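To start, the structure itself, in structure tokens.
We did not get these values from a lab; they are worked out from the coordinates using the rules stated. Note that the structure is predicted; figures quoted are calculated from it, not measured. Cβ: placed from backbone, ideal geometry, glycine included. Neighbour counts: every protein chain shown.
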Ligand code: URA
């Protein structure tokens, strides 16, 4: 089967056959000898991005991607196994908080996460800001982590959904991320391979999300819940606001600090509340009663923080970071603030601009091979709705490389809007789809 013919089918708005999807996925898992080159894969990704896929194509693509590797079988480890996944946001470090909280409540959490994608951050990049933290767990190491800590936080092993690994990296740098079938298949191929029984999805909506409108976000949530459930995974989705960054810290090491502060009970209200609600859904899916009360107790007692400390230790990281943030390589040598030009209120902080700026000062990747500077980022001193006086720092940009900072500065400068009155508060959790 010629790759050009498959691309042409989708380019012209046709439906791909199972054989065509199989050929694409096989090639993504192993290009050598397939007759496909990376440019064929990206051309087909763009055709899918532009013309979409039917529900049947999406379901089949998901299965084919999951079957491109091995599926973990954790059925011999007793206990409910539940994971959470986000479609990607800015300042979204909830995984680092809710994983430990859910584990502290008795859920086994084999969490397989991704790296930054487009302007959004990734859990693996954040965890790697912790010196020594190993996200490349083997199946045996994951089993050990689940037995000892109840939580393992890792990237895809090379055997899990290898097709997604290739396609994820290509989408990241070819403007083909924001596609409902591609996101559905990418997320669920990994989740179906993880050996879990339940999945809580956080589908972000708004400027800083890949789905900018409520309608598109609902479509994505429904697609994930439909395909997940059809494949035997109890799946529930929350649609949550991502117009402004979540919490106050954006950037890998900074987000680790904010996660630890949240587990110590000092987190910002939006981040704390969302983490608690998502963790409570995980605990519910695990069949444990009084889920939300148990999660709140794990937060106040420090049981969640204790799990995070053990998780860091178990995965080779330096657990002293919990008490000594300087071990995370912060602060960076340079900081430039965005100041309030007058007395008034911050009315808006554009999450996408903040995400792009953090990426561009070195906190993310513009090309697949870029190295991340974990210590750079943006601290939000005044969130939307907060009052400021002329000259107050609203954002602080922490960076190392002057050239990168200069390139990012126009984006950063345009991210904040001021006004005379606070904006009306918007709910963070907008809808749930089960
Ligand atoms: N997270 C994933 O794992 N895949 C996507 O496509 C988007 C977010």
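Figures for the structure shown
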{"quantity": "Calculated [θ] (222 nm, deg cm²/dmol) that DSSP helices of n ≥ 4 give over the chain, each run adding -39,500 (n - 2.57)", "calculated": "-13000 deg cm²/dmol"}
{"quantity": "For a label point 7 Å along the Cα-to-beta-carbon line of residue 219, residues of region 49-78 with backbone N under 12 Å", "calculated": "49-55"}
{"quantity": "Which of 142, 44 has the fewest Cβ neighbours within 10 Å, and the rest in rising order", "calculated": "142, 44"}
{"quantity": "Least to most buried among 353, 148, 371 (fewest other Cβ within 10 Å first)", "calculated": "371, 148, 353"}
{"quantity": "Antiparallel bridge percentage (DSSP; both residues within region 82-322; nearest 5)", "calculated": "5"}
{"quantity": "Highest average packing first - 340-346, 194-200, Cβ atoms within 10 Å", "calculated": "194-200, 340-346"}
{"quantity": "Exposure proxy order (Cβ contacts within 10 Å, fewest to most) of 85, 40", "calculated": "40, 85"}
{"quantity": "Antiparallel %, DSSP beta bridges [both residues in the chain], to 5", "calculated": "55"}
{"quantity": "Spacing of the two label points (7 Å from each Cα toward its C-beta) at residue 347 and residue 32, in nm", "calculated": "5.8"}
{"quantity": "Protection proxy ranking of 241-248, 289-296, 127-134 - average other beta-carbon atoms within 10 Å, highest first", "calculated": "241-248, 127-134, 289-296"}
{"quantity": "Spatial separation of Cα centroids for region 51-69 and region 178-240, in angstrom", "calculated": "13"}
{"quantity": "Alpha carbon convex hull of region 331-419, volume per residue in cubic angstrom", "calculated": "83"}
{"quantity": "Debye-sum result for the chain in log10 I(q)/I(0), which assumes one identical scatterer on each alpha carbon, at q = 0.10, 0.12 Å⁻¹", "calculated": "-0.67, -0.97"}
{"quantity": "Relative contact order computed over the chain (Cα-Cα under 8 Å; 6+ residues apart), in percent", "calculated": "19"}
